[in-house]
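Visitor: Got a structure for you, questions after.
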Amino acid sequence: MVNRAKILYLITKSVWGGAGKHVYDLAACAQKKGYDAAVAGGGRGPLAGRLQEASIPFISLGGLKREMGPLGAFAVFLKTLKILFSFRPDILHSSSPQAAGIAGPAAFIYKMLSRKKLRTIFTVHGWSFLEDRPRWQIFFIRILSKITLWFYDQVICVSNFDRQIAVQTGLARPEKLLTIHNGISENEILFLAKNEIRKKMPNARFETDDFIVGTVGEFVKNKGYEYLVPAAGVLAKKDEKIKTVIAAWGSGWQKTRRQIENEKTGRHVILVRDLFPAAAYLKAFDVFVFPSLKEGLPYAVLEAGLAGIPVIASSVGGIPEIIEDGKTGLLIPPADPQKLTEAVLRLKKDPELGRILAQNLRQKVLKEFSKEKQLQKTFELYSNFIDSPGLSTPDLEDGSFCEDGAAF
């Protein structure tokens, strides 16, 4: 009897962010291609709901979160070990540093005790030691990152930038590091019409001739909202028709709200919480801004490109691999409200430039960042890893590669 190969995906938070979408796409494709797939992660957020709708098992790892103490991490380690013995995967694929840091040692112990062949993969969505932190923390995180990578057979970087950083800092051997860009499908997002979106957005009052600057993401420091808020205030003073929308999710929204209140920009900065799916609302914006301080290769920029709107983004992480300044968008330095303000005013003054940038970006996203390409490269890796004669693996030459999934 031939058994189906099993893949267990791990992620820290079950939110619908970039890593969450990445895991969902992989798990949904794995299920469609004939693998037994399951996802384990912290909490029961929107990702868990989407997986449930797709009949993909989700295992809640209570206690798994971004910040954990030693006792909490050990408790999650024991739960992960239990899941490994219960599910008995052939491939363990981690997609966030906290999950990877715990799952790697758990997989090592599991292989020793079970004598089962288990291959391990870690997808890196940006290195944590590139965040704005004290030097001692950066040093400590780099050491932990190197230890974590030791437990994995293959490390997938979502950008060439992340791979180069790993090679330069000696985190792993170059042959262990593989770049697979995040990808997106032309038909996966059902964009709402601009006029309808502006009516449906909660807390928003728009005039017909308002110029909307918008962003979507999670309420975390790395997204750079603390620099967008003052830029929005300056933009409103220069042109009262310019309004800024921050559509985001997560527990950090109160900090952004307090900043808006303190800087008295509430009339022109609209905070929209937990808009889901946020990507469907992108056409509400005349310009998409992405003022991140640290990134891997963000889906939000790919989605904005697919929506056909001009993009202004920080020149960090893998973003320059998507945005070529002056050709497919405008790049600005991170943490620079003045440059962000200047870029927005430039596009408002020159709508033809915005139209050309948006058109070029859309073509580049469709050509170079397809979901089909991303999935096919990842599943080729899975197939190479699973070489046991008693296990079945899908045929990779069966036409379109998981491209007929449900849109959102």
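Values quoted throughout were computed directly from the atomic coordinates according to the rules given, and no laboratory measurement underlies them. Everything numeric here is computed off the predicted structure, so don't read it as measured data. Counting neighbours? That spans all protein chains shown, and the Cβs are built from the backbone with ideal geometry, glycine included.
Visitor: What is the local net charge at S314, summed over the other residues whose Cβ is closer than 11 Å to its Cβ (Lys, Arg +1; Asp, Glu -1)? Before the final figure, lay out each step's value.
Guide: Details: positive: K223, K294, K339; negative: E295, D336.
That works out to +1.
Visitor: Give a residue-ordered list of calculated ³J(HN,Hα) values for segment 288-301 (Karplus: 6.51 cos²θ - 1.76 cosθ + 1.60, θ = phi - 60°; whole Hz; x for Gly, Pro).
Guide: Coupling constants for segment 288-301: 9, 10, 9, x, 5, 9, 7, 8, x, 9, x, 4, 4, 5 Hz.
Visitor: Still on this structure: Can you list the residues, at least 5 places off or on another chain, whose amide H is less than 5 Å from the amide H of W249, using H built in the peptide plane?
Guide: Correct list: G217, E218, F219, D274.
Visitor: Here is a further query. Sort by residue number and name the cysteines in the chain that have no neighbouring cysteine Cβ under 4.7 Å.
Guide: C157
Visitor: Which is farthest toward the positive dipole end of the chain among L113, F74, P291, measuring Cα position about the Cα centre, with Cβ charges +1 (Lys, Arg) and -1 (Asp, Glu)?
Guide: Of the listed residues, the answer is F74.
Visitor: A 22 angstrom limit on the alpha carbon distance is what I want to check against. Which of K32/K82; K13/K294; K243/K367; K238/K348; K6/K82 exceed it?
Guide: On the way: K32/K82 26 Å; K13/K294 18 Å; K243/K367 32 Å; K238/K348 12 Å; K6/K82 16 Å.
Long pairs (Cα-Cα over 22 Å): K32/K82; K243/K367.
Visitor: Something else about it: For every helix of n ≥ 4 consecutive DSSP H residues, a contribution of -39,500 (n - 2.57) applies; sum these over the chain, divide by its total residues, and give [θ] at 222 nm rounded to the nearest 500 deg cm²/dmol.
Guide: Working: 13 runs with 170 residues, N = 408.
Calculated from helices alone, the mean residue ellipticity at 222 nm is -13000 deg cm²/dmol.
Visitor: Please turn the phi angles of segment 345-362 into ³J(HN,Hα) values with the Karplus equation 6.51 cos²θ - 1.76 cosθ + 1.60 (θ = phi - 60°), one per residue in order, whole Hz, x for glycine and proline.
Guide: 4, 4, 6, 5, 6, 10, x, 5, 4, x, 5, 5, 4, 5, 5, 5, 5, 4
Visitor: Same structure again: Ranked from highest to lowest mean number of other Cβ atoms within 10 Å per residue, what is the order of the peptides 62-69, 24-31, 230-237? Walk me through the numbers before you get to the answer.
Guide: Details: 62-69: 14.5, 24-31: 22.9, 230-237: 20.4.
The peptides rank, most packed first, as 24-31, 230-237, 62-69.
Visitor: In terms of Cα to Cα distance under 14 Å, which aspartates and glutamates are near enough to K176, apart from those fewer than 8 places away along the same chain?
Guide: D153, D162
Visitor: Compute the Cα gyration tensor for segment 201-279, then decide on rounded, prolate or oblate, letting a ≥ b ≥ c be the square roots of its eigenvalues: rounded whenever a/c is under 1.5, prolate when a/b is larger than b/c in the other cases, and oblate in all that remain.
Guide: oblate
Visitor: With a sphere of radius 13 Å drawn around the Cβ of A300, what net charge do the other residues whose Cβ falls strictly inside it have (Lys, Arg +1; Asp, Glu -1)? Don't jump to the answer; show the numbers that get you there.
Guide: On the way: positive: K21, K223; negative: E218, E295, E303.
Around A300, the charge tally is -1.
Visitor: Filter the cross-link list K21/K237; K223/K371; K241/K339 down to pairs whose alpha-carbon distance in this structure exceeds 30 Å.
Guide: Details: K21/K237 37 Å; K223/K371 24 Å; K241/K339 19 Å.
Cα-Cα > 30 Å for K21/K237; rest within.
Visitor: Is segment 1-128 rounded, prolate or oblate when judged by the Cα gyration tensor, a ≥ b ≥ c being the square roots of its eigenvalues, rounded requiring a/c under 1.5 and prolate requiring a/b larger than b/c? Kindly include the intermediate steps, with their values, before the conclusion.
Guide: Numbers: a/c = 1.63, a/b = 1.05, b/c = 1.55.
Taking the square roots of the gyration eigenvalues as a ≥ b ≥ c, segment 1-128 is oblate.
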